[in-house]
1. Pick from B:ALA187, B:ALA178, B:ALA196: which residue has the top mean-square fluctuation in a GNM of chain B where Cα pairs under 10 Å get a spring?
2. Rounded to the nearest Å, what's the spacing between the alpha carbon centres of region A:96-133 and region B:82-116? Just the number, please.
3. Suppose R0 equals 60 Å; then what is the FRET efficiency for B:ASN156 and B:SER117 from their Cβ-Cβ distance, rounded to the nearest 0.05?
4. Quick one: order A:MET1, B:MET84 by neighbouring beta-carbon count within 10 Å, fewest to most.
5. Taking the Cα centre as origin and putting +1 on Lys and Arg beta-carbons and -1 on Asp and Glu beta-carbons, what dipole magnitude results for region B:2-205, to the nearest 20 debye?
6. Going by how many other beta carbons lie within 10 Å of each one, how would you line up B:TYR58, B:TYR154, fewest first?
7. How many angstrom lie between the C-alpha centres of region B:137-206 and region A:63-85?
8. Using a Gaussian network model of chain A with C-alpha springs under 10 Å, which one of A:GLY164, A:GLY79, A:GLY62 is most mobile by mean-square fluctuation?
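Nothing in this text is a laboratory measurement; each read-out follows from the coordinates by a stated rule. Note that this is a predicted model, so its numbers are computed, not measured. Don't worry about glycine lacking a Cβ; one is built from the backbone with ideal geometry, like all the others, and counts go over all protein chains shown.
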Amino acid sequence: MLAEAWHYLTTHLAQFATAFGVHVAISASALALAAVIAIPAGIAVARRAGAALAAINAANIGRTLPSLAVLALVMPILGTGFTPALVALTLLALPPILTNTIAGIIGVERDIVDAARGMGMTPREIRDRVELPIATPVIFAGLRTAAVQVVSGAVLAAFIGGGGLGDFITAGIAMMAVPLLLVGAIPVTLLSLATDFLFGMLERRLTPRGMRAK
Amino acid sequence: MSWFLRNWDQVAIALWEHVTISLTALSIAFVLSLAIGIVAARNERFYAAALAVAGFLYTIPTLAFLALLIPVVGLGRTNAIIAMVAFSLLILIRNVAIGIRNVPAEVVDAARGMGMSAAQILSRVELPLALPIIVAGLRVAAVTVISVTVVAAYVNAGGLGTLIFNGIAGDHPPKIWAGALAACALAVSVDLALSAVERSLRRARA
């Protein structure tokens, strides 16, 4: 079975490379878009108690929505293809990044902020040189969760014509061709594990030296 | 909307299937995690190993997991339930173990001093005190399982995903709307209900 899958892969290399490329492109764009929206939004609301609570509640509801349901709901509105899938995946990536950005900034101890203010820092300096560096590991943990979720969600994009490695899986299931399905399922599993590992490493690397766990 | 009104029975049947599949998977996962979590709470190495395995399983994309099980168990409900149990283990084991560990040592000492056996301490002191954290885990696991069940319709497990897939295949948006909105509503209401349970448990213990 694995040999057959390998044979299929080597004879359809161009097709596989395209699907793999689409999968990575759609995942990376969705994650980048979500980060560009959710991180500034999180920073903006974090220090306003009411707004922060509202944002966290909205994110919690967003987090509970089934990925496939979100993809399916986008389809009747935006149609099929790369863009609708990108929109749906971006929506799915927003909640963990938003929640963690807010939690990261709120988690910065008041004493540290007070000390920074006492040293004469402006609110902007406090944000850029105190709050954000200390919140970075938590924000990155959110990005990591979102990244794995997006790589996994991008498999489902195949159902709405978004392309990617899910195409092999859906074709394999439809024709009950196990080797074909493995050509999609094994690489996407490895991609997801690699994403988790990579973001885990970045998370440790970006933790300010004084905060690293021994 | 008119499609929904004419076919509400179809939606109700799919919803019922969805709930039963999710509940079956959640119950199996809970029993397994309770056993693993109790051992893990007292053994650091076992805890690390259990979380590493569960974390690995959790990272596998849903549809890939369902697909990888096809050569082993074929299509159908068994396939879906195995995948859902695998996805719930991480959060459930972690919360059971952390919940038990968070019980203050002096409370356990007091129970021992009263002459309770290890089994009595577990069932009458540790587990009741860990309950809010365990319920918090169940809440996340329940939402995950409901979400996986939607996808599992593709491997013929039934449930609300069936409406979505039929709707996509037949280019029939009302069916997609009905399936997707019902799935979202189910996930959100289960989340809200279990968070209410969690809050009242915390209040009762405060």
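1. In the Gaussian network model the winner is B:ALA196.
2. 35 Å
3. Approximately 0.80, to the nearest 0.05.
4. Ascending number of Cβ neighbours within 10 Å: A:MET1, B:MET84.
5. Values: 14 positive and 9 negative charges, 79 e Å.
In debye, rounded to 20, region B:2-205 gives about 380.
6. Fewest-to-most ranking of B:TYR58, B:TYR154: B:TYR58, B:TYR154.
7. 15 Å
8. So, out of A:GLY164, A:GLY79, A:GLY62, the one fluctuating most is A:GLY79.
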